Amino acid sequence: MKKALEEAYKAFSMGEVPVGAIIVKDGNIIGKGFNQRETLKDPTAHAEILAIKEASKSLGGWRLLGCTMYVTLEPCAMCAGAIVNSRIERLVIGTRDLKRGCCGTVEDLTNHPKFNHRLGVEFGVLEEECSSILSKFFKELREKKK
């Protein structure tokens with residue numbers, strides 16, 4: 001999760017919502033990403049999507065079997081769907097997203113009974129640090145708007 005936080009700080013330094021993600025297989029980071037929606041002018045440029053794309057390139061295929069994703073903020077519906085579709089086996093989340101979280105908080109796409117793939121989900125890893133960077137970002141954003 002510390003590596004995912006490093007990715008979140010990259011987003012923070014660019015004025016992006018500070019979310020970071022990494023994907024690990026056999027103890028090695030094979031994909032990483034941080035939010036770049038504003039920079040890339042792309043609504044799909046979430047940390048999780050970028051990490052999945054990089055991991056898929058690393059493995060030479062779209063199935064990320066045996067992989068774990070670490071992400072600082074609970075994924076939204078788009079990202080949770082991509083995580084399920086990529087067959088990631090485990091998801092470790094820093095902090096919950098009380099408004100858009102689709103891994104168990106608002107909805108649970110990661111373990112939906114009608115989907116053919118379900119994964120293990122764990123919450124609260126380095127939760128304070130993951131929550132703190134988001135709070136700091138939005139506090140600074142509100143102050144700039146004044």
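The values are calculated or read from the model by the stated rules, or taken from the named source; none is laboratory data. It should be emphasised that the depicted structure is a prediction, and the values quoted were computed from it without experimental measurement. We place every Cβ from the backbone using ideal geometry, glycine too, and count neighbours over all the protein chains shown. Quick note on the areas: whole protein, heavy atoms, side chains included, nothing else; ligands and nucleic acids left out. Shrake-Rupley method; radii C 1.70, N 1.55, O 1.52, S 1.80 Å.
Structure notes:
- Debye, to nearest 20: dipole size of the chain, +1 on Lys, Arg Cβ, -1 on Asp, Glu Cβ: 320
- Once the 1.4 Å probe is applied to the protein heavy atoms, the stretch 58-146 comes out at 57 Å² accessible per residue.
- Between the stretch 36-51 and the stretch 54-111, the Cα center-to-center distance that results, in Å: 15
- Accessible surface, 1.4 Å probe, highest first, among residues LYS146, LYS25: LYS146, LYS25
- Among the chymotrypsin sites (Phe, Trp or Tyr not before Pro) found in the stretch 31-105, those both in a DSSP coil and sparsely packed, with 16 or fewer other Cβ atoms within 10 Å of their Cβ, are TRP62.
- Helix-only CD estimate at 222 nm, as mean residue ellipticity for the chain, using -39500 (n - 2.57) per DSSP H run (n ≥ 4): -12000 deg cm²/dmol
- Amide H within-cut-off set for VAL19, under 5 Å, with H built and near neighbours excluded: ASN35
- If you model the chain as an ellipsoid using its alpha carbon gyration tensor, with each semi-axis the square root of five times an eigenvalue, the axes come out at 24, 17, 14 Å, biggest first.
- To put it simply, the accessible area of the chain at a 1.4 Å probe is 51 percent carbon and sulfur.
- Gained length - GLU129 relative to VAL106, 0.36 nm times residue gap less alpha-carbon distance: 6.1 nm
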